[in-house]
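Colleague: Just dropping this structure here.
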Amino acid sequence: MSSTEPDALLGPADIRDLAAKLGVRPTKQRGQNFVIDANTVRRIVRTAEVRPDDTVVEVGPGLGSLTLALLEAADRVIAVEIDDVLAAALPATVQARMSERADRFTLVHSDAMLVTELPGPAPTALVANLPYNVAVPVLLTMLERFPSIERTLVMVQAEVADRLAARPGNKVYGVPSVKANWYAEVKRAGSIGRTVFWPAPNVDSGLVSLVRRTEPIATTATRAEVFAVVDAAFAQRRKTLRAALSGWAGSAPAAEAALVAAGVSPQARGEALTVEEFAAIAENKPEVPSL
């Protein structure tokens, strides 16, 4: 069957049949909601701007709806699946529905949070319908571990999408916003209705596009040092940075000194700062005198 034929992709009946054969019921524990609409997965692939020379990594492929659409467009697809039953079934689904591209598909049966290397060429894109309960840690971990990923498009809960794409000053701007922005230019890239999923979730979904920075943030601080400031700043959102960073700096006066040196008002709050400002604070962390 040619991959350009519409029935190469999975529709609602295909998804339910496949799930029934495998004895699969989507579980809340793993945040599973399977996409049952071929137009939606094609739209995701288009929005992700998947190219014919891309090696795409997909996290949580489930029954393979998005996987097949990615295989139509990319050079190769590496799917990371934690579920034993789904991981065992996916290669057969690819073979049955897109046999001429099956050799371009690789399955990694693992928890994405534990994956430190991927087989074959380095991935150039990450496209995934991320399980809602682990979306942010999985996204940030993949961006950290695989610097070859230039473009990312993830489908997440709408509220998480808003957080990831938020700018300083927005009330939902927080740790995910700053950390995602450390790696990439982040923006909302559309909304997805509930009816394209089985089971239909009780929340809306959103697409988030992340294009990796061509030049990393200019700082002498390490990523871990910057992220430590971010975590401390938002751990107590209502406090001024002078107070919120007192534990990180060793004392409130030490925090104030670091903030002033970084050109940031000690009375500011974390939600007002850019990632560059967090990096400047990290660079000015006072040295703790050795005993």
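Colleague: If I filter the range 193-213 down to residues being β-branched (Val, Ile, Thr) and modelled with pLDDT under 95, which single residue comes out as least open to solvent (accessible area, probe 1.4 Å)?
Modeller: It comes out as VAL196.
Colleague: Here's another thing I want to ask about it. Within the range 233-269, track down each residue that is over 30 Å from the mean Cα position of the chain (by Cα), among the polar types (S, T, N, Q) and crowded, with 16+ Cβ neighbours inside 10 Å.
Modeller: SER246 - this is the single residue of the range 233-269 that is over 30 Å from the mean Cα position of the chain (by Cα), among the polar types (S, T, N, Q) and crowded, with 16+ Cβ neighbours inside 10 Å.
Colleague: Cβ-Cβ below 7 Å, separation at least six or inter-chain, first residue in the range 75-95 and in the same structural domain as LEU130 (by the TED database), second among the polar types (S, T, N, Q) and part of a loop (DSSP other than H, G, I, E, B): which pairs?
Modeller: Pairs found: VAL80/SER110; ILE82/SER110.
Colleague: Filter the range 118-133 for residues that are open to solvent by less than 50 Å² (accessible area, probe 1.4 Å) and among the small types (Gly, Ala, Ser) and give the result.
Modeller: Result: ALA125, ALA128.
Colleague: Quick check on my filter: what residues within the range 146-167 are in a helix (DSSP H, G or I) and farther than 23 Å from GLU215 by Cβ?
Modeller: Result: ALA158, GLU159, VAL160, ALA161, ASP162, ARG163.
Colleague: List the strands (runs of 3 or more DSSP E) inside the range 22-129, counting only whole elements, that have at least 2 residues being under 20 Å from THR141 (Cα atoms) and within 17 Å of the chain's Cα centre (by Cα).
Modeller: Because the criterion is at least 2 residues that are under 20 Å from THR141 (Cα atoms) and within 17 Å of the chain's Cα centre (by Cα), the strands (runs of 3 or more DSSP E) in the range 22-129 that meet it are 55-59, 76-81, 125-129.
Colleague: Moving to a separate point now. Return the residues of the range 169-189 that are out of contact with any Lys or Arg (no Cβ under 8 Å at 6 or more places or on another chain) and open to solvent by less than 60 Å² (accessible area, probe 1.4 Å); say none if nothing qualifies.
Modeller: VAL175, VAL178, LYS179, ALA180, ASN181, VAL186, ALA189
Colleague: Restricting attention to the range 272-284, which residues are open to solvent by less than 50 Å² (accessible area, probe 1.4 Å) and in a helix (DSSP H, G or I)?
Modeller: VAL275, PHE278, ALA279, ALA280, ILE281, ALA282
Colleague: Here is a further query. Grab the helices (runs of 4 or more DSSP H) fully contained in the range 171-254, keeping just those with 2 or more residues being in contact (Cβ under 8 Å) with a residue 60 or more places away in the chain.
Modeller: 175-183, 223-235
Colleague: I'm checking my understanding of the structure. Among residues of the range 64-117 that are of a type in the set (S, T, N, Q) and more than 21 Å from ALA48 (Cα to Cα), which one is least open to solvent (accessible area, probe 1.4 Å)?
Modeller: Applying the filter and picking the extreme gives THR93.
The values are calculated or read from the model by the stated rules, or taken from the named source; none is laboratory data. Nothing here was measured: the structure is a model prediction, and the numbers come from that model. With ideal geometry, Cβ positions are generated from the backbone for all residues, glycine too; neighbour counts draw on all protein chains shown. Ligands, DNA and RNA are stripped out before the accessible areas are found, and what is left, the full protein with its side chains, is counted by its heavy atoms. Shrake-Rupley method; radii C 1.70, N 1.55, O 1.52, S 1.80 Å.
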